[in-house]
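Written below as structure tokens is the structure these notes are about.
The values are calculated or read from the model by the stated rules, or taken from the named source; none is laboratory data. It should be emphasised that the depicted structure is a prediction, and the values quoted were computed from it without experimental measurement. Neighbour counts are summed over all protein chains in view; Cβ atoms, including those assigned to glycine, are modelled from backbone coordinates with ideal geometry.
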């Protein structure tokens, strides 16, 4: 399929289950970007889940985000239990021009849902010439080191940095767990095993069975340091935004539990308000020091390589998945 066909199919399916067109287009663009960058778990594979969640009420497809501004550099968006993507779009529409005038702006989103690939959102800030940092919390799936009961989610954070030529120098996007939970869910659907060290069973022991892993907990990246990173994200994305803690949120998978009401937080900086031209110079020195080493790569380089290839070749999609998505279309 071409990327345009991916976006069209995802959008039509979401509209077919009652999502307002603006929200459906926002999610469809994100699905296209995920496929373009080779992140299958957040591309068309996730569209049936999105559609099922609109139908069962975990997501209000007709929700219209509400944007408020409590302080000069503080923007809040209530997603109204709708998709995160249009809520982020609404927030960015206010945030980007405000950063240009104020230098630094914070944006929080509450009553939200899975925002997909977090790096996709902060990259848009870097494309606007800003340093963008994002946080998003998720239903509890990581237990504290030494414990067995999950307290925080995989809780990604992302950083996007502009370059000196009007583009993006690099995008760092990583979760508090060894891998994103969606990667384990994808392998469970496809009947594949997972590498040892990705997840733990209910007794805190490592497992290679994705079904058992989903009943246990995700392994934190770097042990206690990974859990600490996830705790940081929980404070920024949930506590600061007024969203549900991962402990309180319903699962992103399945149809039970009602809206998860999780949250996101974004911080954006205009380099010109701080170090000016020196910022671009330092980023150039930093990236060249990494890329100049044989075998070394910047965060996000693999996505860029996938993007260059897939934009030309398109993506391979199983016919069964296409047919399943088509059942949701009008």
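Can you tell me which of (1) loosely packed, with under 15 Cβ neighbours inside 10 Å; (2) in contact with a helix residue (DSSP H, G or I) (Cβ under 6 Å, 6 or more places away or on another chain); (3) without any contact (Cβ under 8 Å) to a residue 24 or more places away in the chain; (4) in a loop (DSSP other than H, G, I, E, B) is the one residue 211 doesn't meet?
Of everything listed in (1) loosely packed, with under 15 Cβ neighbours inside 10 Å; (2) in contact with a helix residue (DSSP H, G or I) (Cβ under 6 Å, 6 or more places away or on another chain); (3) without any contact (Cβ under 8 Å) to a residue 24 or more places away in the chain; (4) in a loop (DSSP other than H, G, I, E, B), residue 211 misses just condition (4).
Out of (1) surrounded by 20 or more Cβ atoms within 10 Å (Cβ to Cβ); (2) modelled with pLDDT of 95 or more; (3) over 30 Å from residue 94 (Cβ atoms), what's the single condition that is false for residue 218?
(2)
Condition first: modelled with pLDDT of 90 or more, exposed (fewer than 15 other Cβ atoms within 10 Å of the Cβ) and in contact with a helix residue (DSSP H, G or I) (Cβ under 8 Å, 6 or more places away or on another chain). Now tell me which residues in segment 167-208 satisfy that.
Those that are modelled with pLDDT of 90 or more, exposed (fewer than 15 other Cβ atoms within 10 Å of the Cβ) and in contact with a helix residue (DSSP H, G or I) (Cβ under 8 Å, 6 or more places away or on another chain): 167, 192, 193.
Among the residues of segment 42-57, write down those that are in a loop (DSSP other than H, G, I, E, B) and either in contact with a strand residue (DSSP E or B) (Cβ under 6 Å, 6 or more places away or on another chain) or surrounded by 23 or more Cβ atoms within 10 Å (Cβ to Cβ) (or both).
43, the sole residue that qualifies.
Return the residue satisfying two criteria in turn: it lies in segment 17-40 and is farther than 20 Å from residue 87 by Cα and crowded, with 19+ Cβ neighbours inside 10 Å, and of such residues it is modelled with the lowest pLDDT.
This residue is 39.
Taking the criterion of being over 19 Å from the mean Cα position of the chain (by Cα), outside any loop (DSSP other than H, G, I, E, B) and surrounded by fewer than 21 Cβ atoms within 10 Å (Cβ to Cβ), would at least one residue in segment 231-239 satisfy it?
Taking every residue of segment 231-239 in turn, none turns out to be over 19 Å from the mean Cα position of the chain (by Cα), outside any loop (DSSP other than H, G, I, E, B) and surrounded by fewer than 21 Cβ atoms within 10 Å (Cβ to Cβ).
Residue under question is residue 158, and the condition is that it be in contact with a helix residue (DSSP H, G or I) (Cβ under 8 Å, 6 or more places away or on another chain), outside the structural domain of residue 97 (by TED's automatic domain parsing) and crowded, with 22+ Cβ neighbours inside 10 Å; does it hold?
Criteria not met by residue 158.
Can you tell me which residues in segment 9-56 are under 13 Å from residue 317 (Cβ atoms) and either without any contact (Cβ under 8 Å) to a residue 60 or more places away in the chain or not assigned by TED's automatic domain parsing to the domain that holds residue 322 (or both)?
Within segment 9-56, just 32 meets the criteria.
Report yes if some residue within segment 250-264 is loosely packed, with under 12 Cβ neighbours inside 10 Å, in a helix (DSSP H, G or I) and free of Cβ contacts under 8 Å to residues at least 24 places away in the same chain; otherwise report no.
So far as segment 250-264 goes, no, none of its residues is loosely packed, with under 12 Cβ neighbours inside 10 Å, in a helix (DSSP H, G or I) and free of Cβ contacts under 8 Å to residues at least 24 places away in the same chain.
Of the residues that make up segment 108-126, is at least one in contact with a strand residue (DSSP E or B) (Cβ under 7 Å, 6 or more places away or on another chain) and surrounded by fewer than 20 Cβ atoms within 10 Å (Cβ to Cβ)?
No, that holds for no residue.
Determine, yes or no, whether residue 328 is outside any strand (DSSP E or B) and in contact with a helix residue (DSSP H, G or I) (Cβ under 9 Å, 6 or more places away or on another chain).
Numbers: outside any strand (DSSP E or B): yes; in contact with a helix residue (DSSP H, G or I) (Cβ under 9 Å, 6 or more places away or on another chain): yes.
So residue 328 fits the description; yes.
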